[in-house]
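The values are calculated or read from the model by the stated rules, or taken from the named source; none is laboratory data. As the structure is a prediction and not an experimental result, all values here were calculated from the model. When we count neighbours, we look across all protein chains shown, and the Cβ atoms used for this are built from the backbone with ideal geometry, even at glycine. Side chains are part of the model used for accessible areas, which takes the heavy atoms of the whole protein and leaves out ligands, DNA and RNA. Shrake-Rupley method; radii C 1.70, N 1.55, O 1.52, S 1.80 Å.
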Amino acid sequence: MNPDKGSFLELVYEARIKDLVKGTDDQHFEASGVSLKDGYLHIIFDDLPSLLRIRPDWRYIAEEPALIHLKGTGSGYEDITFQSSTGHWFCLIEGVKTGEDTYLPRIDEFDKSFSFIRSCWLNFPIRTGNKGFEGLSFMHHGGGEYLLCLCEGNDCKGGEKGAKPGKGRIQVFQQSAEQWEHGCTIKLPKAVRYRDYVSLALHNGSLTVLSQASSALWTGHIRSDGGEWDDLFEDDGQTYLFPRDEKGRSIYCNLEGVAWLGNGRLVVVSDKAKHDQPGRCTRKDQSIHIFTLPD
């Protein structure tokens, strides 16, 4: 599956976050994750200990977005997910240094009103602090409930090895006392040849993975009978591309979080453009984007 081949997603509408949020002096909103709950988008940032709650149809509803301060252990988070069985929110810290060259991912847990409850380690050492887990979601499988964590690099590695496509990995955890124990690894189909992986979402029996570097997303159908972790998907799935410019170049260069809205629509959020990126990448950064699948 060529990462540059696929059907193009169609833009419905989009907006810069700073243009939607009032009553704050913050000008930078480096969005890193999004979750839909009770008709609201919940967006977290990797540069702010805050959460933005906003309606996905903000253009038509006269309701001001709310910026909620998160009093946890992290100064910023990589992704957010909701656990329906407990009614709690979980926010991901990519990596906390625990040794000279070792980092552990961490989870901050909040109640429904976003009051901090506790922090728990994810028992999965990583070697670089900025190439760990990026995506977070809960999944029911085989009668159990599991936390899925998406590795940013291929084969969960950083550097050149992590950029070599074809080894997308999701790590599976179960909670044990004050930490989450690693159980097994989900291997994305080898046909999913992205250079990185930054967010995942479960929706209607499918699993979706977002890639920033490839400016694309992949959706695979989970076997209806559940299947084993190493044989989870029915087939190689489907790749969708985000719009390009007239020269075929990426313009959505900093996608970080994805969630499904239903009826073929999805929301993605964008981080701040990097200093070494071309100017076209700054036009879509720090924003909320609503897309629909092609007919």
- Item | Members of region 24-45 that are in a loop (DSSP other than H, G, I, E, B) and touching a residue at least 12 places away in the same chain (Cβ under 8 Å) | T24, D26, H28, F29, E30, G39
- Every residue from region 159-171 that is farther than 19 Å from T219 by Cβ and surrounded by fewer than 18 Cβ atoms within 10 Å (Cβ to Cβ): G159, E160, K161, A163, K164
- Item | Test result for T73, among the polar types (S, T, N, Q), farther than 26 Å from I222 by Cβ and either modelled with pLDDT under 95 or open to solvent by less than 30 Å² (accessible area, probe 1.4 Å) (or both) | yes
- Message: Out of everything in region 114-145 that is of a type in the set (S, T, Y) and either in contact with a strand residue (DSSP E or B) (Cβ under 9 Å, 6 or more places away or on another chain) or part of a strand (DSSP E or B) (or both), what residue ends up being most open to solvent (accessible area, probe 1.4 Å)?
- Response: T128
- Considering only region 168-241, give the strands (runs of 3 or more DSSP E) lying wholly within it that have at least 3 residues that are among the hydrophobic types (A, V, I, L, M, F, W, C). 169-176, 179-187, 199-203, 206-211, 216-221
- Item | Cross-chain or 6+ apart pairs with Cβ under 8 Å, region 83-99 first and within 19 Å of L200 (Cβ to Cβ), then at pLDDT below 95 and loosely packed, with under 12 Cβ neighbours inside 10 Å | E94/N130; G95/N130
- Query: Out of (1) modelled with pLDDT under 95; (2) under 16 Å from F291 (Cα atoms); (3) open to solvent by 80 Å² or more (accessible area, probe 1.4 Å), the odd one out for F8 is which?
  - Reply: (1)
- Message: If I go through region 230-254 residue by residue, how many of them are of a type outside the set (S, T, Y), in contact with a Lys or Arg (Cβ under 9 Å, 6 or more places away or on another chain) and open to solvent by 10 Å² or more (accessible area, probe 1.4 Å)?
- Response: 9
- Subset of region 257-275 [in contact with an Asp or Glu (Cβ under 7 Å, 6 or more places away or on another chain), assigned to a strand (DSSP E or B) and more than 14 Å from H42 (Cβ to Cβ)]: S270
- Kindly provide the set of residues from region 21-44 that are farther than 10 Å from V269 by Cα, among the hydrophobic types (A, V, I, L, M, F, W, C) and either at pLDDT 95 or above or surrounded by fewer than 16 Cβ atoms within 10 Å (Cβ to Cβ) (or both), ordered by number. L36, L41
- Message: Looking at C281 and the list (1) touching a Cys at 6+ places or on another chain (Cβ under 6 Å); (2) farther than 22 Å from K18 by Cα, which single condition is not satisfied?
- Response: (2)
- Query: Can you tell me how many residues in region 76-106 are charged (D, E, K, R) and at pLDDT below 85?
  - Reply: 3
- Check W58, W89 and return the single one that is assigned to a loop (DSSP other than H, G, I, E, B), aromatic (F, W, Y) and open to solvent by less than 60 Å² (accessible area, probe 1.4 Å). W58
- Query: Across region 276-292, what is the total count of residues that are assigned to a helix (DSSP H, G or I) and polar (S, T, N, Q)?
  - Reply: 1
- Query: Looking at E100, E94, which is the one that is on the phi < 0 side of the Ramachandran plot, of a type outside the set (A, V, I, L, M) and open to solvent by less than 60 Å² (accessible area, probe 1.4 Å)?
  - Reply: E94
